[in-house]
Amino acid sequence: MTSQKEIFSDIKEKFEKAYHLVDDESKTDPPSDPFRSHYLAKTILEDLVHSLRETIKTNDNFVFKVFLGFACRDLGRIYVFTEEPFTGEKYLKECLEIVDPYKLKKEAIIAYIGASNEMGIVECNRGNHKEALEHLKRSEDIYEQFQYLADSPMSITDLFGPADEIEKDKGPKEMAKIYTLCTYYMAQVLGHLGELEKSAQYCNFTLRRQMESDDYDPIDWALNSATLSQYYIGPNQFKEARHHLAAATLIMTEFEGKMLTDDMGADVKEAVKENFQHRFADIARCWAKYGLALLNASRDRLMADDDFSKVSKDLKNSKISKDYEFKSLKLTQYENKVTDKYCLTFEDAKLVFIFIAQWLEKAKQYYKAETEASEYARIIMDFADLYNCLAFFEEDPCNQSKMYKKRADFYEELLRLLSKTYYLAICRECLFHCGTTYCSMLSIKLDAISDLGYDQSPTPHQCHKVNSLCEKAIAHFKDFIDSYKKKDSDEFESGIHHEEMHTVLYCYFHLGRLFYKIITGDKKKQLFNLNNSLKYYKLFIDLCEKYSEAAAHLRTEISVCKEMTNLLPKKIEKTLLEAQEEGGI
């Protein structure tokens with residue numbers, strides 16, 4: 001008759017073999033057979049599950065049920081990993097059913113929460129996020145209940161030896177790790193369910209748990225912290241966003257000094273450096289988004305007619321603001337490099353501008369035009385946005401116009417670089433922003449002419465500048481509109497989204513205005529421009545009627561255009577008579 005000691009020894013041996021295969025041997029599995037070690041471990045665990053089921057029939061010791069629970073949990077995980085989720089789910093459910101009566105016991109708590117986590121992952125992978133949340137909430141609830149018991153959880157290896165041989169830290173560390181996994185997936189699932197504030201809380205909680213336990217991959221942790229900063233930016237929580245970006249930068253900087261080791265081959269070192277540069281470039285872009293958001297929020301705050309507290313997106317009472325800090329990290333040196341306060345003056349904005357530009361330059365070192373055209377384009381567009389933001393704070397019209405010109409230069413660089421065939425969406429964005437930027441410059445020039453007074457006429461240089469800006473804006477708006485038309489046709493492509501059509505309509509409005517603003521003493525040219533202005537205003541009105549959903553927020557522009565279509569025929573008629581009198585026609 002087999003003794004209990006011998007049974008325990010056999011069980012222990014099978015678990016150890018399975019774990020060795022999964023944790024160690026699998027790292028060297030060939031690409032042609034990527035699950036080889038997992039399949040071997042699966043065979044061992046299936047045999048173990050079968051023998052434990054038989055043992056339980058004659059031996060009611062709950063420890064054997066716990067062993068079976070662990071075996072089913074591990075077998076379920078392997079089936080899920082090897083892309084057999086339905087079989088994996090069957091074993092995970094068996095684990096939960098067997099262990100449920102003992103789930104708050106120190107011997108069973110790890111198996112139960114582990115299986116419940118895995119069920120949450122299975123449902124999450126299927127897109128069943130509500131069901132996934134239920135499993136993960138159960139894990140969290142059981143974890144919190146166990147905490148009140150002030151007991152120390154036992155790992156699977158603790159169950160095999162006598163009490164005096166139990167590793168005191170192993171069970172609690174494993175428990176902490178599976179709960180951190182639970183909070184990580186809670187963050188993902190809540191995000192999918194649209195509960196963004198709760199998702200951010202769990203993201204932050206997960207990062208803090210990983211930091212406190214010193215159990216994290218530096219690059220993954222830094223990237224997750226930087227990504228979370230982008231959530232904080234939404235409600236203008238710049239202090240929190242800056243803190244997470246500073247933490248990401250510190251972790252990456254520290255990791256850079258120790259990421260290469262002497263035992264690494266040349267290829268491995270190169271791969272490690274490439275991955276580091278890639279992810280540091282991503283963090284640089286997150287810093288840029290932070291600065292741009294701060295400048296935009298500062299502009300909105302200064303432009304608000306009412307009390308800013310009523311229009312701000314700040315969530316000062318948000319739960320997110322509580323306990324967000326990574327207290328073990330010394331972040332002052334990184335946080336002090338940029339403000340988290342709203343900019344009030346040009347000097348405030350300029351400091352942020354310089355800081356962002358430095359990070360964008362870092363991002364450009366990795367994302368190059370010849371290898372990463374789309375990402376490079378987005379960085380250049382951030383540069384363009386940066387000049388647009390700074391221009392708002394500039395009080396000198398001449399300097400402001402120079403900043404707008406710099407912005408237009410960035411967009412035109414991309415238009416020369418990118419093929420419309422392959423990068424149509426980006427090119428459209430550049431065309432539209434180029435057009436609006438030249439319109440902003442035009443407004444500055446027209447204001448300068450207006451300030452001359454009625455007794456002074458604009459100089460030839462001023463007229464040339466106005467007309468040049470009009471022509472450039474017109475060319476970009478026309479190209480933008482044409483990009484939505486069928487080839488060699490004036491008809492629009494089918495299926496244009498109403499938001500995109502809204503922008504197309506807005507371009508027609510601009511075209512009508514721009515042709516009207518051109519300055520010329522030549523009556524024939526003036527007639528040409530006035531007729532074009534009337535043509536585009538009429539097209540705008542007609543298209544707004546045809547695409548009513550797209551025109552929903554253009555009521556003011558429609559009103560202006562209707563007024564202009566009433567006034568322009570009279571002006572055209574008057575100009576025609578003047579041209580005839582001068583003999584121009």
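The values are calculated or read from the model by the stated rules, or taken from the named source; none is laboratory data. Small disclaimer: the values here were computed from a predicted structure and weren't measured. As a convention, Cβ positions derive from the backbone with ideal geometry for all residues, glycine included, and neighbour counts pool all protein chains shown. Side chains included, ligands, DNA and RNA excluded: accessible areas come from the protein's heavy atoms. Shrake-Rupley method; radii C 1.70, N 1.55, O 1.52, S 1.80 Å.
Of note:
- The alpha carbon convex hull volume per residue for segment 460-527 rounds to 93 Å³.
- Long-range amide H partners of K485 with built H, under 5 Å: E493
- Nitroxide proxy distance, nm - points 7 Å out along Cα→Cβ at K27 and K535: 7.1 nm
- Alpha-carbon centroid distance for the pair segment 84-127 / segment 502-547, whole angstrom: 67 Å
- Counted charge near H464, where neighbours are those whose Cβ lies closer than 14 Å (Asp, Glu -1; Lys, Arg +1): +3
- Global geometry of segment 91-208, whether rounded, prolate or oblate, following the gyration tensor of its Cα atoms and the 1.5 cut on a/c: prolate
- With an a/c value of 1.5 or above and a/b not larger than b/c for the gyration tensor axes a ≥ b ≥ c computed over the alpha-carbon atoms, segment 39-168 is described as oblate.
- Nearest-0.05 FRET efficiency for K130 and T371, computed from C-beta distance (R0 56 Å): 0.85
- Label point distance in nm, A425-I354, each placed 7 Å from Cα along Cα→Cβ: 3.7 nm
- Centroid-to-centroid separation of segment 37-58 and segment 192-235 [C-alpha atoms, Å]: 38 Å
- Relative packing of peptides 32-43, 169-180, 379-390 - highest average C-beta neighbours within 10 Å first: 379-390, 169-180, 32-43
- Of the trypsin sites (Lys or Arg not before Pro) found in segment 107-161, the ones in coil according to DSSP and having at most 12 other Cβ atoms within 10 Å of their Cβ are R126.
- Long-range amide H partners of E84 with built H, under 5 Å: none
- Of all accessible heavy-atom area on segment 407-564, the percent that carbon and sulfur account for (1.4 Å): 49 percent
- For the chain, the per residue solvent-accessible surface stands at 53 Å², with DNA, RNA and ligands left out and a 1.4 Å probe.
- Protection proxy ranking of 271-277, 482-488, 115-121, 84-90 - average other beta-carbon atoms within 10 Å, highest first: 115-121, 84-90, 271-277, 482-488
- Shown here for segment 467-519: GluC sites (Glu not before Pro) in loop regions (DSSP other than H, G, I, E, B) with at most 12 other Cβ atoms within 10 Å, namely E491, E493.
- Axis of helix 85-99 versus longest Cα principal axis of the chain: the two differ by about 50°, to the nearest ten degrees.
- Principal-axis analysis of the Cα atoms of the chain puts helix 424-450 at an angle of about 40° to the longest axis.
- Ranked by the mean number of other Cβ atoms within 10 Å of their residues, highest first, the peptides 546-556, 336-346 fall in the order 336-346, 546-556.
- Global geometry of segment 103-160, whether rounded, prolate or oblate, following the gyration tensor of its Cα atoms and the 1.5 cut on a/c: oblate
- Theoretical FRET efficiency, 1/(1+(r/R0)^6), r = Cβ-Cβ of K405 and T565, R0 45 Å, to 0.05: 0.85
- Share of carbon and sulfur in the accessible heavy-atom surface of segment 95-166 [1.4 Å probe, %]: 46 percent
- The long axis of helix 238-256 is offset from the longest Cα principal axis of the chain by roughly 60 degrees.
- Label-point gap, in nm, between E13 and S483 - each point 7 angstrom along Cα→Cβ: 7.0 nm
- Size-normalised alpha-carbon gyration radius of the chain, reference 2.2 N^0.38 Å: 1.33
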